[in-house]
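Taking it in order: structure first as structure tokens, then the write-up.
The values are calculated or read from the model by the stated rules, or taken from the named source; none is laboratory data. All figures in this text were calculated on a predicted structure; none of them were measured in a lab. Cβ placement follows ideal geometry from the backbone for every residue including glycine, while neighbour counts extend to all protein chains displayed. Please note that ligands, DNA and RNA were not included when accessible areas were found on the heavy atoms of the full protein model with its side chains. Shrake-Rupley method; radii C 1.70, N 1.55, O 1.52, S 1.80 Å.
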Amino acid sequence: MNREELQRRAKAIENSGLKRVLVPLDFTGPTTARIDTREVQVFSSNDYLGLAWNPDVRNAWRGGGCGSSRLVTGSRSAHKTLESNLEDLFGQPALVFSSGYQANLAVLTTLFQAGDTVCSDELNHASLIDGLRLSKSTKTIQPHGSDPPKENDFRGLVTEGLFSMDGDTLSLRAWSDAGWLVVDEAHAVGAIGPGGKGVAAEQGVHPQVLIGTFGKAYGSAGAFVIGPEELKELMISTARSFVYTTALAEPAVHAAIEGLKQATSERRERLADRTLRFRCGLADLGLPTRGQHHIVPVLTRERTMQTAQRLAEHGVFVPGIRAPTVPSGEERLRFSMSAEHTDDQIDQALELLDQCT
């Protein structure tokens, strides 16, 4: 593909109204930022517990880059400590990755192969979709929220704990006998469930494999996989997204260690309280939404991008989500609640939504 063809493709995206742009957002606190010289309240961050601005987490950033894969330059003591702490929390072996995307690719290409049939929820994240494609398994798309067929030859089910766009959950208990149960708890760990262990733990379900991230509720960066020892050994030896990438940098590892300590039940309770206040306000305004947790989609459909722009101009920054990320006609404002949102910030957002929608 030559440069002219790249230009034609870029122009076609722009003409279709689907061009994505990077907004320069300079954070001034866990829920505040500056766009140029304009102050805004931020409802877009996945920093659910506000730990990215917690002094203990921020002061834990020390050390340097690892230079290469842990298999090449050696595994640092900080990685071992972090994995040990995760194993104490979740009760199974843990392996740390540089990102949630890489963790999902590693899990799915290790567990599944050509000839396997794997059930995947229709609203799964792109990293889960890509991981199944790379595994060369046969993917069966399961209608979102439905129970498994009574007769199936599934090798396993791949799903999210808390879905990143609708903010809802599945009844995982119905899938507990469907072979490998793989649950991406990226948006739930730290924020939901006993000990912050996610949606599965909240439902009393024990998935064979759990994927979590440090870059959301834990206030750092990177990700982890919880699963049987054999899976961990195989990923270390064969998972390309572990073997052939630089290890998670030491500053992020130390911050993740501290983030695990700071993700307390008190913070989770405050997040639930902030979420309830906002959801009750939306109900009072008659605005349609979905889910029941701290990801709160407000369905604004064809008015989404204009509404997001008007909100930003008046001091509330929230992303507009449109096709192809969500189906056409399902466009929404995606609010991410934080334990650090104040009553005034929530009430301001509700007042502006009433004016702009």
Original post:
So which trypsin sites (Lys or Arg not before Pro) in segment 12-95 are both in a DSSP loop and have at most 12 other Cβ atoms within 10 Å of their Cβ?
Top reply: Lys19, Arg20, Arg62
**OP:** Once you have a ≥ b ≥ c as the square roots of the Cα gyration tensor eigenvalues for segment 187-263, tell me rounded if a/c is under 1.5, and otherwise prolate or oblate according to whether a/b is larger than b/c.
**Re:** oblate
Original post:
According to a simple spin-label model (label point 7 Å from Cα along Cα-to-Cβ), what is the distance in nm between Thr246 and Asp130?
Top reply: 1.8 nm
Original post:
Once you charge only the Cβ atoms, +1 for Lys and Arg and -1 for Asp and Glu, what is the size of the charge dipole of the chain about its Cα centre, to the nearest 20 debye?
Top reply: 920 debye
**OP:** Taking amide H positions as placed in the peptide plane 1.01 Å from N, state which residues far from Ala33 in sequence (5 or more) or on other chains have amide H under 5 Å from it.
**Re:** Thr28, Val40, Val42
Subject >> Cα-based equivalent ellipsoid, the chain: semi-axes from gyration tensor eigenvalues, Å >> reply: 32, 25, 22
Original post:
Per residue, how much accessible area does segment 198-353 show when a 1.4 Å probe rolls over the protein heavy atoms, in square angstrom?
Top reply: 41 Å²
**OP:** For Lys197, list the lysines whose Cα falls under 17 Å from its own Cα; do not include residues on the same chain fewer than 8 positions away.
**Re:** Lys216, Lys261
Subject >> segment 1-141: translational diffusion in µm²/s, Stokes-Einstein, Kirkwood Rh over Cα pairs, 25 °C, 0.890 mPa s >> reply: 123 µm²/s
**OP:** Could you pull out every residue, at least 5 positions away or on a different chain, whose amide H is within less than 5 Å of the one on Val118? Hs are placed 1.01 Å off N in the peptide plane, and Pro or chain starts have none.
**Re:** Thr138, Lys139, Thr140, Arg155
**OP:** For the chain, with all protein chains present and a 1.4 Å probe, just round the carbon and sulfur fraction of the accessible area to a whole percent.
**Re:** 49 percent
Original post:
So between Ser146 and Ser328, what do we pick up on full extension, going 0.36 nm a residue minus the alpha carbon distance?
Top reply: 63.3 nm
Original post:
If Lys and Arg each add +1 and Asp and Glu each add -1, what is the summed charge of the other residues whose beta carbon sits under 10 Å from the beta carbon of Leu170?
Top reply: -3
Original post:
Separation between the Glu230 and His206 pseudo-spin-labels, each 7 Å from Cα along Cα→Cβ, expressed in nm?
Top reply: 1.7 nm
Subject >> Relative contact order [Cα under 8 Å, 6+ residues apart], the chain, whole percent >> reply: 22 percent
Original post:
Can you list residues whose amide H is under 5 Å from Ala247's amide H, if they're 5+ apart or on another chain and H is modeled 1.01 Å from N?
Top reply: Ser68, Ser69, Arg70
Original post:
In the chain, what percentage of the DSSP-assigned beta bridges are antiparallel, given to the nearest 5?
Top reply: 55 percent
Original post:
Between Arg3 and Ser16, what is the spin-label point distance in nm, taking each point 7 Å from the Cα along the Cα→C-beta axis?
Top reply: 2.5 nm
Subject >> Signed unit charges on C-beta, dipole axis of the chain, positive-most listed residue Val158, Thr213, Gly74 >> reply: Gly74
**OP:** Kindly report the accessible area of segment 1-107 per residue (heavy atoms of protein chains, probe 1.4 Å, no ligands, DNA or RNA), in Å².
**Re:** 57 Å²
Subject >> C-alpha long axis of helix 3-15 to longest principal axis of the chain, angle in ° >> reply: 50 degrees
Subject >> Rg/Rh for segment 133-260, where both radii come from Cα atoms and Rh is the Kirkwood radius >> reply: 0.98
Original post:
Which is the longest run of the chain containing none of the GluC sites (Glu not before Pro) found in DSSP loop states (not H, G, I, E, B) with at most 16 other C-beta atoms within 10 Å?
Top reply: 152-357
**OP:** Using just the helices of the chain, give the 222 nm mean residue ellipticity in deg cm²/dmol: DSSP H runs with n ≥ 4 each add -39,500 (n - 2.57), and the total is spread over all residues, rounded to 500.
**Re:** -11000 deg cm²/dmol
